[in-house]
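Below is one structure, written out as structure tokens, with a few remarks after it.
We did not get these values from a lab; they are worked out from the coordinates using the rules stated. No experiment lies behind these values; they were computed from the predicted model shown. Glycine also receives a Cβ, built like all others from the backbone with ideal geometry; neighbour counts cover every protein chain displayed.
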């Protein structure tokens, strides 16, 4: 049969009882030691008092001084019958001391409980007492361990030290005194043990209530499930406690904010400046300031905002966590909109291309019918003029000036679609005369993001500008790859200018900062992503271009009254050479 495992609460109870028992035993031992030390100190004081009494007796002082004046020490049998021995033994018998020893100025015994040791040097060092100091001691002599004192003996009248008196009480007698306190110590220890047992049982019941009767294995499973859910979702989750410390920071949040993970032991594997750890103060965390600002709002449900972090457009919202009336802190959610935006632009481009191709097919059919009509009636000159006009305006009816300079059908469709929106806002979109695109666009997604942001910003700036003639000019040039550098595709260079009032003195790097905008409600140049822009377009475009090895920079900040700012973008690996008939 399988052995039944002991419940955790039972294990905790037994452990607590063991700890309480250990503490009680240690406390009793310490208490006994303190009592022993107290009794020893009392014995030392009692020995010091007796030694002073004996050393100050006039007869002792006179006899010791007389012996010290002699050339030698009297024999042991003479000392045993002398007055010093009689006085010392009388004092020892009267007080119950272990010994009362008197010596001369050289440390030779003049009185001792064992007469055979008279005339010999004492077993313990008498130098401090012979130097005029009173000392208490605990040592082991010829009579065993003792607690005692040593006092100098002064000669009558002169004040010179002529000997010393040493008094001691037996350590064994101290132990007998301690045994009288054992019952009270044991009673105290038993009471403490009983209180500890009661407290352990109460703690066990409280632990069961707090854990709802769950065992540690079950709690561990719940924690593992919570971690699996937090780490498995694609949305970033950040938890901040009521005291302002990070309690949750899942892997998705680290990925979206491009923050390295901590080590398994809680210590960072990366530099502390770039790390965010659970338990760290939220105010000191290396995260975008917009995230911290959301948690300073008194509103329980802060409005979602868009931020740019690690080249991603994130939608962030913060919610106050409350349990009944208890404030549990904040929960910050991060969702990645970059892929959604890219997919939306790609679908828009596909839709625009499809519409353009349908329109192109219809236009081509009409144009061919017109040319055929001219030829059928013999008006060849009119047919040539009609063909020349088509070459200048392009095959589509989009309001784009110099559209014929664009040979790539994708660029024709995309810029044509942008021209329709610009025309509705009273802005003329035109292709610059230096435009030359010989290849075809191979990465329409990135081209759409960068070119679309620049055109939208320029249209906004032209609308907000003071010039009566509102226009946006786009120049495109493709650069084929250098031989020997691999087949990564050519580079598409984009220059966008407008008729707006410029950037108003903003620096060339300031305009690329996240959140920077000079837009009014309808939006302007710097960083706007459309009407009422959010200050993310230019920052996102630059990060996307630099990720490909290119860049987006400001060529000219413009001036009030126009012309406006000029931006240039380089997108490597976005074009490919057109195939010839032989290659096809």
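Using a Förster distance of 25 Å, how high is the FRET efficiency between residue 45 and residue 172, based on the Cβ-Cβ distance and rounded to 0.05? All intermediate terms of the calculation are to be shown ahead of the outcome.
Details: r = 19 Å, r/R0 = 0.75.
Here the calculated transfer efficiency is 0.85.
Between residue 235 and residue 305, 0.36 nm times their residue separation minus their Cα-Cα distance comes to what?
Stretched out fully, the residue 235 to residue 305 stretch lengthens by 23.7 nm.
If R0 is 22 Å, what FRET efficiency do you get for residue 117 and residue 94 from their C-beta distance, rounded to 0.05?
On the way: r = 21 Å, r/R0 = 0.97.
After rounding, the FRET efficiency stands at 0.55.
Between residue 479 and residue 29, how high is the FRET efficiency from 1/(1 + (r/R0)^6) when r is the Cβ-Cβ distance and R₀ = 56 Å? Nearest 0.05.
0.05
Using a simple spin-label model with points 7 Å from Cα along the Cα→Cβ vector, what separation in nm is obtained for residue 543 and residue 21?
According to this spin-label approximation, the distance is 6.3 nm.
Subtracting the Cα-Cα distance from 0.36 nm times the residue separation, let me have the gained length for residue 384 to residue 56 in nm, one decimal. Walk me through the numbers before you get to the answer.
Values: separation 328, 0.36 × 328 = 118.08 nm, distance 14.72 nm.
That works out to 103.4 nm of additional length.
Whole number please: convex hull volume per residue, Cα atoms of the range 9-179, in Å³.
114
Extending each Cα 7 Å along its Cβ direction at residue 199 and residue 81, get the distance between those two points in nm, one decimal.
7.1
What ranking of 384, 543 emerges when the number of other C-beta atoms within 10 Å of each C-beta is taken as an exposure proxy, fewest first?
Going from sparsest to densest Cβ surroundings: 384, 543.
Can you sort 327, 423, 336 from fewest to most other Cβ atoms within 10 Å of each residue's own Cβ?
327, 423, 336
Taking the Cα-to-Cβ direction at residue 158 and at residue 125 and moving 7 Å from each Cα, how far apart do the two end points lie in nm?
2.6
If each residue's Cβ is checked for other Cβ atoms within 10 Å, how do 410, 386 rank with the fewest at the top?
386, 410
May I ask you to compute the full-extension gain from residue 468 to residue 372, defined as 0.36 nm times their residue separation minus their alpha-carbon distance, rounded to one decimal in nm? Numbers along the way, then the final one.
Numbers: separation 96, 0.36 × 96 = 34.56 nm, distance 4.23 nm.
Additional length available on full extension: 30.3 nm.
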